[in-house]
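The structure appears right after this line, and notes come after that.
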Amino acid sequence: MVGYVLNLLHLYLLFHPFNLTVSQNIIKLVIILYIVTGIGREARNQKNLIYNIVLFAAAATSFSYNPFASAEPVAPDVKGCNKPTLPQGVEPLTCCPPNFEKKEPIDYVIPNYQTLRIRKPAHDYDNLEKYKKAVNIIKSLPDDHPHSWTQQSRVHCAYCTNSYHFSWIFLPFHRWYLYFYERILGKLINDPNFTIPFWNWDAPEGMEIPAIFIDKSSPLYNARRNQNHQPPMLVDLNWNGNTITHSNYTVLKAICRGDRSGDVKANLATMYRQVYEVKRPICFYGKPFRAGQKPYSLKTGSDSIELVPHNTIHSWTGDSTQPNDEDMGAFYAAARDPIFYSHHANVDRIWTIWKSFGRNDVIDPDYQNASYVFYDENENLVRVKNNDAFDTKKLGYDYKQLDLPWLKAKPDPRMSKRYRHRRRVKKLDLPFTLLKDKIVSTVVKRPKINRSQVEKDEKEESLVFSLQFDRTKHLKFDVLINEEEDYKRANPKYRVFAGSFVSVSHASRTSLEVAVTETTFSIGITDLLEQLDVDDEESIVVTLVPEYGDEVIIKDINISFEECKSQ
Ligand code: C2O
């Protein structure tokens, strides 16, 4: 009987684990338990249950959400902020910004900006002295000051252990976050037009850690970065966790007479695929995350740029000698590194570039009205909404226009169709487990072949995966389509390389159930199939190449047609 009740309560918790604060959960469930089992009975079981409740509630996030809302925009319950659960061995940490629980947020009114502030690339940044000065001031503020450096990084920790990653909240949340970071810095140095630099890893000039971050005497320096990835090491937008050491690289570079074009080409082709080729808003923005919805479920899914290169650059930059690749390689710690803000400024910039291709916003009201709470530069606690963040000019800033060499970096079909030979592959039964050292191939049937151009413009043929994995660990696997040669050499430069799934360690490691993460992941393949010249074939061969991390359960793989116009 007690076991049955406990199971019921567990089920209840599974559906609402992230909605209540720890203490609310405890009180509520103790009451339910008492009613159902008789007062005072089974005290030992209750103790265990309460322990489990604490784990469930705390592990989800440090902000809580309206528990009974369904299909509504997400909004953090600032009064319900509690401690996040962190990876093992990490000192306990409160991520909640100071005095959140005592204040009522006010709706933010965007000032009427007269001049447009232009964010510049880090390698050509003319505000360095001001930035250093501002960061020195912010770092000197006491930890509990709403503007302090510690608080800036904790905002990320408070929000980002929930589905703020892995969903459509990703881009607008980070836009607002950087906006206030920049406004606060500007206020501290009395320059209302101050702008932060962006790290444009999407073009050859930006494909190294920018010099402004490697001067050890600068407040923009951080020692917790991968020491093998210092300049002149080229950034790898597809990083697979395998590092050539700095000295080896120098030797290699000498051998190649400084020609780094092989890697540049792979990086550019990656940008082409992950940004230019993405037409569906839902794929660029990520899948819905609504109030009352369980985070990390099959309903949520990351956007294309979030997986690659956003996640890969987090992992590439973080210090692999730290337990969780801190700082950049673990989300609870990432924003302690000043390079975080420039990395995200570039993600934000790529969003503006994608829109400039004439692509659509998500028009779902739950997306448009999702809201966040921040301290603004005047220390007011303000509530902001997604729909005020769609146009950076409305927020008073824009990005310096730079060349976009990746627009022309379409990957090459490696061999023309008539030279390829067909591998014999059979369809694997689903679900199956992708083990860490084993490459697998399966056949996926296409519901429709040879669609007309009108159909293609309306709907993208999408390869959709349903996955289950442990989000406390890093993970990457690549997806190849109709690879018929030596798959080990498959490289993003070539057309058979369709995309990657990448996860960066998310905080929370207390019980196995909590870490189990489900998500969907989809790749648009309309252009790819055309270029491989197989648009007339009834099925495709999908090859999964595990790159690093633990096993993943592949629950489903199918092809569907997804709307490109709006969502
Ligand atoms: Cu919220 Cu790059 O992470």
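For the stretch 96-128, the tally of residues that are assigned to a loop (DSSP other than H, G, I, E, B), open to solvent by 40 Å² or more (accessible area, probe 1.4 Å) and not basic (Lys, Arg) stands at 10. The condition of being crowded, with 23+ Cβ neighbours inside 10 Å, of a type outside the set (D, E, K, R), within 13 Å of the ligand (Cβ to nearest atom) and under 26 Å from the mean Cα position of the chain (by Cα) holds for only one of ILE169, ILE184, that being ILE169.
In the stretch 137-151, the qualifying residues are those that are out of contact with any helix residue (DSSP H, G or I) (no Cβ under 6 Å at 6 or more places or on another chain) and in contact (Cβ under 8 Å) with a residue 24 or more places away in the chain, and the one that is nearest to the ligand (Cβ to nearest atom) is GLN151. Yes or no: TYR131 within 16 Å of the ligand (Cβ to nearest atom) and part of a helix (DSSP H, G or I)? No; evaluated as a whole, the condition is false for this residue. When the stretch 441-477 is filtered for residues that are charged (D, E, K, R), within 30 Å of TRP316 (Cβ to Cβ) and not in a strand (DSSP E or B), the ones remaining, listed by number, are ARG471, LYS473. The combined condition, being within 30 Å of GLU91 (Cβ to Cβ), within 11 Å of the ligand (Cβ to nearest atom) and over 15 Å from the mean Cα position of the chain (by Cα), is fulfilled by ASP337. Could you go through the stretch 202-216 and let me know if any residue there is among the acidic types (Asp, Glu), open to solvent by 10 Å² or more (accessible area, probe 1.4 Å) and part of a helix (DSSP H, G or I). Checking the stretch 202-216: at least one residue is among the acidic types (Asp, Glu), open to solvent by 10 Å² or more (accessible area, probe 1.4 Å) and part of a helix (DSSP H, G or I). Among the candidates VAL362, VAL347, the residue that is in a loop (DSSP other than H, G, I, E, B) and more than 20 Å from ILE184 (Cα to Cα) is uniquely VAL362.
Working only within the stretch 313-334, note down all residues that are assigned to a helix (DSSP H, G or I) and away from the ligand (no atom under 11 Å from the Cβ).
TRP316
The values are calculated or read from the model by the stated rules, or taken from the named source; none is laboratory data. These numbers come from a predicted model, not from an experiment. So basically every Cβ, Gly included, is an ideal-geometry build from the backbone, and we count neighbours across all protein chains shown. When the accessible area is computed, the model is the full protein with side chains, heavy atoms only, and any ligands, DNA or RNA have been set aside. Shrake-Rupley method; radii C 1.70, N 1.55, O 1.52, S 1.80 Å.
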